[in-house]
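Notes follow once the structure below has been shown.
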Amino acid sequence: MAAASGLLAGRVACITGAGSGLGRAIAERFASEGAIVVAQDIDAESAQQTVASLAGDGHLPTVGDVADEQAMLDVFAAISDRFGRIDVMVNNAGVDRLPGDGFDMVLRGEGPQITLMAHEAFSRMLAIHVTGTFTCTREAVRLMGDGGGSIITMSSIAGVAGWGPVHYSAAKGAILGFTRAAARELGPLGIRVNAIAPGAIDTPMTRSLPEGLLAPMVAMTPLRRLGRADEVAASALFLASDESSYMTGQCMSPNGGIVTT
Ligand SMILES: NC(=O)c1ccc[n+]([C@@H]2O[C@H](COP(=O)([O-])OP(=O)(O)OC[C@H]3O[C@@H](n4cnc5c(N)ncnc54)[C@H](O)[C@@H]3O)[C@@H](O)[C@H]2O)c1
C-alpha cells in the first residue's frame, strides 16, 4: 500500500460530533489529506456512516456522549490501543437547542428565552460544549507525543458576539477562554490550541431552524448567504496542519463578514 500523502499524511485525528454537518465535512477533508480519522459521535450509526464515506483505510468510529467522562475515557482508551497516539483533536460535538430551554415558547412569543429556560437545560449545554471540550482535550494531550499536536475547538459567532440564546452563547464564549488558556499552557509542549467561530453554516443543525430566524441573518451577512460545511473544514485543515505552525490561542471565524474582529 502506498504511503498516504497530503497535509495531514499519517496523522491520527479525532473529531467529535463527526457523524453530521461540520464534523463529517472536517473528517472527509482530513481523510482526503492523508489523516487517519477517529470519527466520534453520540450516534453510533452516523459515526459508522462517516467512516464509510472517508478516503483511505484504518479509520475508527467511536461512540459516546462528550459530556460523559467515563464514556470519553473509554473512547480514548480505544484510540490508545489502536494507534498509541493522537496528533489532532477537533472538539466539534454540540447542540444549539435542548429540551426545557424555552426555544419553542420564544417562537410563540411568550417572552425572552432566559426567563423560560430551565436550570438543567443551561447546565447540560455547558456540560456538552465546555466540559466535553475539557475532557477530550485533556485526554488527547495525554496521548500527544514529543512531536506535539494541534487542538481545535468549535466556538461560534454566538460566543464572540452573542448571536444565539444565552446557554449556547455562554458555552461558545467559554470555549474561547478555554482555548486561550490552554494555548498558553500547552505551547511549551509544542501543542497548539485554536478555535473556529463559524457564522451560520448550512448543516442539519441550521436547516432545522425556522426559516424566519435565518433569513434576517443572511440579509445582514455581507456575503449574503449561509456558509458551507466545506468552508469551515478548510479552516480546520489549516489549523490542524503545519500551514498554521506559528498560530496558537487564535480564533478563525468563517462567517461571511457578519462579525468582524
Ligand atoms: N451550523 C452552524 O451554523 C454552526 C455555527 C457555529 C458553530 N457551530 C458548531 O459546530 C458544531 C457542529 O455543528 P453542526 O452544524 O455540524 O451540527 P449537526 O447537528 O449537524 O452535528 C452535530 C453532531 O454532534 C453530535 N453530538 C451532539 N451532541 C453530542 C454529544 N453530547 N456527544 C457526542 N456527539 C454529539 C450529533 O450527533 C451530530 O452528529 C457544534 O459545536 C455547533 O455548535 C455550528
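Readers should treat all values here as calculations from the given coordinates under stated rules, not as data from a laboratory. Just so it is clear, the model here is predicted, and its values are computed rather than measured. Here the Cβ positions follow ideal geometry from the backbone for every residue, glycine too, while neighbour counts run over all protein chains shown.
Data for the structure
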item: Sum of side-chain charges, Gly132 neighbourhood, beta-carbon under 14 Å (Lys, Arg +1; Asp, Glu -1); result: -2
item: Fewest-first ranking of Arg29, Arg180, Arg225, Arg24, using other Cβ atoms within 10 Å as the exposure measure; result: Arg225, Arg180, Arg29, Arg24
item: For the chain, calculated [θ]222 nm from helices alone, where every DSSP H run of n ≥ 4 adds -39500 (n - 2.57); result: -13000 deg cm²/dmol
item: Length added when fully stretched, Ala234-Val218, from 0.36 nm per residue minus Cα-Cα; result: 3.6 nm
item: Percent breakdown of C-alpha pair distances by 5 Å bin, ordered from the shortest bin, for the chain; result: 1, 6, 13, 18, 20, 17, 12, 7, 3, 1, 0, 0, 0
item: Full-extension gain in nm, Glu243 to Ser208, via 0.36 nm per residue minus C-alpha separation; result: 9.1 nm
item: Diffusion coefficient, µm² s⁻¹, Stokes-Einstein with Kirkwood Rh over alpha-carbon pairs of region 121-261 at 10 °C and 1.306 mPa s; result: 101
item: Taking the chain and dividing mean pair separation by its residue count, relative contact order in percent (alpha carbons under 8 Å, at least six apart); result: 18
item: Ranking of Cys14, Cys251 by count of other Cβ atoms within 10 Å, fewest first; result: Cys251, Cys14
item: Contour minus Cα-Cα distance for Glu45 and Asp81 (0.36 nm per residue); result: 10.8 nm
